[in-house]
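What follows draws every value from the coordinates through simple rules; no lab data is involved. A quick note: this is a predicted structure, and the numbers were derived from the prediction, not measured. Using ideal geometry, Cβ is built from the backbone for each residue, glycine included, and neighbour counts are taken over all protein chains shown.
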Amino acid sequence: MKLDARDRLILKFLQADCRMSNADLAERVGLSPSACWRKTRSLEESGVIESYRARVSPQAVGLGFQALVHVQLTRHNPEHLNEFITAMEVRPEVLDCYATTGQADYHLRVLCKDIAAYNDFLEGFLFRLSAVESAQTNVVLKEIKRNPSVPV
């Protein structure tokens with residue numbers, strides 16, 4: 001889908017506040033409410049807008065420990081890769097998982113209640129996966145920037 005300037009404005013405003021009414025959105029992007037609704041619907045149907053979500057404060061829900069985990073695999077055969085990927089997809093502590101180049105095969109962003117919960121995650125889950133050779137942890141001391149928006 002080719003995005004025009006108004007599509008990009010719609011995306012910008014919805015990323016900032018997805019609960020904005022269609023009437024307010026239409027006014028901000030300079031369209032009638034019906035034209036704005038059609039454009040927004042088209043962005044949803046084409047997959048440009050993947051979903052709508054609430055941004056929750058981790059600390060407010062008791063999740064004060066965050067780490068970046070760099071995982072090295074023992075084997076890269078399809079069976080082990082599928083086991084690892086499936087395991088990452090279902091674990092709620094794993095917020096993000098990226099296959100990357102470089103020393104580590106995967107990078108995870110993990111959110112837990114505390115260091116004890118993180119240790120349980122490592123010992124009771126991650127290190128029990130047959131594909132995992134090692135993991136290096138970088139504890140997040142302070143969040144400088146957390147931006148879920150895509151620059152449009």
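Below are the figures for this structure:
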quantity	calculated
3J(HN,Hα) from dihedral phi, region 116-133, Karplus parametrisation 6.51/-1.76/1.60, rounded to Hz, x for glycine, proline	5, 5, 5, 4, 4, 4, 5, 6, x, 10, 4, 6, 8, 6, 5, 7, 8, 8
Length added when fully stretched, residue 99-residue 27, from 0.36 nm per residue minus Cα-Cα	21.8 nm
Cα gyration tensor shape of region 5-45, rounded if a/c is under 1.5, else prolate or oblate by comparing a/b with b/c	rounded
Angle between the chain longest axis and helix 5-16 axis [Cα atoms, degrees, rounded to 10]	50 degrees
Two-site label geometry, residue 68 and residue 146: point separation in nm, points 7 Å out along Cα→Cβ	1.5 nm
Cβ-based net charge around residue 30, under 15 Å, with every Lys or Arg adding one and every Asp or Glu removing one	+2
Stokes-Einstein D in µm²/s, Kirkwood radius over Cα pairs - the chain at 25 °C with 0.890 mPa s viscosity	134 µm²/s
Sites residue 13 and residue 139 - FRET efficiency at Förster radius 35 Å, r taken between beta-carbons, to 0.05	0.50
For region 48-63, Karplus couplings with θ = phi - 60° (6.51, -1.76, 1.60), whole Hz, Gly/Pro x	5, 8, 7, 5, 10, 9, 8, 8, 9, 6, x, 5, 5, 10, x, 10
Residues whose placed amide H lies under 5 Å from that of residue 140, excluding near-sequence neighbours	66, 67, 68
Mean separation of Cα contacts under 8 Å, 6 or more apart, over the residue count of the chain: relative contact order %	27 percent
Non-local Lys pairs in the chain, i.e. 8 or more apart or on different chains, that have alpha carbons under 30 Å apart	8
For residue 133, distant residues with modelled amide H under 5 Å away	72, 73, 74
